[in-house]
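Worksheet for the structure shown next.
The values are calculated or read from the model by the stated rules, or taken from the named source; none is laboratory data. Keep in mind it's a predicted model, so treat the numbers as computed, not measured. All Cβ positions, glycine included, derive from the backbone under ideal geometry; neighbour counts span all protein chains shown. Ligands, DNA and RNA are excluded from the accessible area calculation, which covers all protein heavy atoms including side chains. Shrake-Rupley method; radii C 1.70, N 1.55, O 1.52, S 1.80 Å.
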Amino acid sequence: MKPTSWFIFLFCLLLSCSIREEEPSIQEEIITPPPVNRFNVCAFDLSDKEGEFPFISSWEYIGFWDSELRHMDNGTCLGRFASFYFMGEDPENPPKMMLEFLPKSSDPNQYGCENGMNFNAYGLLSKVTGCYSVEMPSIDMAIIEKEDYHPGAAITLEEAYADKYYFEGLEKATHFEIHSNKLFIFTTGPTSRMVFLAVED
């Protein structure tokens, strides 16, 4: 290669380097996605509330509390999450499991209850109606009728388990206690009790 050609080559090379050096560096912006705050259908306020909370009223079922293991059962919580997901994850209308004690009826045979005292229990998949009798602090509950909300609809094992555990617990009830806004129904199991919160208007 001729000296002139070398000179032109080096000149072009130096010129391209100086142009690159003058180009501003581009800073990449790191975008951190915001944290996903999912609604927790198993978060309940278990603090004591002031006021009168009569037995004959509506109560929201929270789950079984195991006093030996010191935690609420996971099965009910998983059932709620499954139901919440299939209901479209609407935080304004989360799935609820309810228990309603009705006052004594003037009809002694209402719903087949000899003493005219009946209850309604609402699970995730179905509702049951039954009879109850109370002799403080003892309670006896028996399911008379069961009605599915959406017969033939797709269900999950978690929802089915939560309902089964809930309804079986009611039929195994032996006695109860009311502390502030909380109703505890004890079952035949030595360490388990069902926890309910009073429904406030």
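Results, tabulated for the structure shown:
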read-out: Long-range neighbours under 8 Å by Cβ, at least six apart or interchain, first residue in contact (Cβ under 8 Å) with a residue 60 or more places away in the chain within segment 76-87, second charged (D, E, K, R) and open to solvent by less than 20 Å² (accessible area, probe 1.4 Å); value: 79/159; 79/163; 82/159; 83/159
read-out: Matching option when the condition is over 22 Å from residue 167 (Cα atoms), surrounded by 11 or more Cβ atoms within 10 Å (Cβ to Cβ) and not polar (S, T, N, Q), among 81, 53, 64; value: 53
read-out: Counted residues, segment 160-180 - those being open to solvent by less than 50 Å² (accessible area, probe 1.4 Å) and either in a loop (DSSP other than H, G, I, E, B) or under 15 Å from residue 99 (Cα atoms) (or both); value: 9
read-out: Tabulated pairs, segment 50-70, first modelled with pLDDT under 90, second aliphatic (A, V, I, L, M), C-beta under 7 angstrom, 6+ apart or interchain; value: 65/72; 65/195
read-out: Per-region count, segment 181-194, residues surrounded by fewer than 18 Cβ atoms within 10 Å (Cβ to Cβ) and not in a strand (DSSP E or B); value: 4
read-out: Residue that is nearest to residue 119 (Cα to Cα) [pool: residues in segment 145-159 that are in contact (Cβ under 8 Å) with a residue 40 or more places away in the chain and in a helix (DSSP H, G or I)]; value: 159
read-out: Answer from 197, 124 - the residue that is buried (at least 18 other Cβ atoms within 10 Å of the Cβ), in contact (Cβ under 8 Å) with a residue 24 or more places away in the chain and assigned to a loop (DSSP other than H, G, I, E, B); value: 124
